[in-house]
1. In the list 228, 214, 247, which residue meets the criterion of being farther than 14 Å from residue 144 by Cα and in contact with a strand residue (DSSP E or B) (Cβ under 9 Å, 6 or more places away or on another chain)?
2. Among the residues of the stretch 54-113, write down those that are modelled with pLDDT of 90 or more, farther than 30 Å from residue 230 by Cβ and among the β-branched types (Val, Ile, Thr).
3. Quick one: in the stretch 62-71, which of the residues that are part of a helix (DSSP H, G or I) and either touching a residue at least 12 places away in the same chain (Cβ under 8 Å) or in contact with a His (Cβ under 7 Å, 6 or more places away or on another chain) (or both) is farthest from residue 96 (Cα to Cα)?
4. For the structure I just gave you, tell me whether residue 88 is over 26 Å from residue 222 (Cβ atoms) and of a type in the set (Ser, Thr, Tyr).
5. Against the conditions (1) within 30 Å of the chain's Cα centre (by Cα); (2) on the phi < 0 side of the Ramachandran plot, where does residue 153 fall short? Just the number, please.
6. Among the residues of the stretch 156-185, write down those that are of a type in the set (A, V, I, L, M), in a strand (DSSP E or B) and over 25 Å from residue 124 (Cα atoms).
7. Among the residues of the stretch 149-192, how many are open to solvent by less than 70 Å² (accessible area, probe 1.4 Å) and modelled with pLDDT of 95 or more?
8. For the structure I just gave you, tell me whether residue 69 is more than 30 Å from residue 221 (Cα to Cα) and either touching a Phe, Trp or Tyr at 6+ places or on another chain (Cβ under 7 Å) or open to solvent by 70 Å² or more (accessible area, probe 1.4 Å) (or both).
Amino acid sequence: MKSIYKYSLVALAVVGLTACNKEEKAAEVAPAVSLTTEAQKEAYSVGASIGSYMSGHIKEQEALGLPADRTLIVEGFANGLNGALKLTEEEMQTVLQNLDKKLNDKRVAQAEALAAKNLEDGKKFQETNKAKEGVTTTESGLQYEVLVAAEGDKPAAEDVVEVHYAGTLIDGTPFDSSYDRGQTAKFPLNRVIAGWTEGVQLMSVGSKYRFVIPAELAYGERDNGTIPANSTLVFEVELVSIEKAAPAEAAPAQ
């Protein structure tokens, strides 16, 4: 089907599927909208949903340093509705493909710069933290501090542990917390990030530790949304219980 709608959603923002014009101008000239009939509400909802959705893509484009002329966007939208396009579909497709490439290149460059900054910031944070009284740094680079001491059995990597925990980035931004959910977490200790597997094995039931986990012992270069690439992570962990792994069955004698 020949239509500008077959282009990518990001590219559609440039064609103009948005109702985002300057708010001041819109407030001055926009006529009163009547939304009394079902047909009126349907028509308005189509336009508003497209505008709201594509507004996000336009804002991202601007945040990446590529300006978007909103007057031309609105004009392009109107031309598209009226079938009076000023560029051929082939011309628009070329323009939009080039825009998609520029946006992707900008995203990649921005992500690489942020990852490099996170790595450097993490190293500085670790250097400062390891100098604090009570902080121990293991051979792997994991740092831990005993907040509440306890005696007793420690888990092995194969055991299932029950914990309460709170995780933050080095600037204090929280990204996960069993306390906030009001429920402990339970999992095999060898199924989580390396920093956890190593650190929780140091703990006894009832103890509480603070861990500073370098990126290479956490999620490395992966960007998990709430955890950017190359992030050093800070966890406070309370070990609630241990379920020992079942002993492996011995191989039958030959």
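1. 228
2. 88, 94, 95
3. Taking the candidates together, the pick is 71.
4. Spelling it out, residue 88 is indeed over 26 Å from residue 222 (Cβ atoms) and of a type in the set (Ser, Thr, Tyr).
5. Going through the list (1) within 30 Å of the chain's Cα centre (by Cα); (2) on the phi < 0 side of the Ramachandran plot, residue 153 breaks only (1).
6. Filtering the stretch 156-185 for residues of a type in the set (A, V, I, L, M) gives 156-157, 160-161, 163, 166, 169-170, 185.
Narrowing further to those that are in a strand (DSSP E or B): 160-161, 163, 166, 169, 185.
The answer is 160, 161, 163, 185.
7. Counting residues in the stretch 149-192 that are open to solvent by less than 70 Å² (accessible area, probe 1.4 Å) and modelled with pLDDT of 95 or more gives 29.
8. Values: more than 30 Å from residue 221 (Cα to Cα): yes; either touching a Phe, Trp or Tyr at 6+ places or on another chain (Cβ under 7 Å) or open to solvent by 70 Å² or more (accessible area, probe 1.4 Å) (or both): yes.
For residue 69, the condition - more than 30 Å from residue 221 (Cα to Cα) and either touching a Phe, Trp or Tyr at 6+ places or on another chain (Cβ under 7 Å) or open to solvent by 70 Å² or more (accessible area, probe 1.4 Å) (or both) - is met.
The values are calculated or read from the model by the stated rules, or taken from the named source; none is laboratory data. Everything numeric in this text was worked out from a predicted model, so none of it was measured. Here the Cβ is made from the backbone with ideal geometry for all residues, glycine too, and neighbour counts use every protein chain on show. We work out accessible area using only protein heavy atoms, side chains counted, and drop any ligands, DNA or RNA first. Shrake-Rupley method; radii C 1.70, N 1.55, O 1.52, S 1.80 Å.
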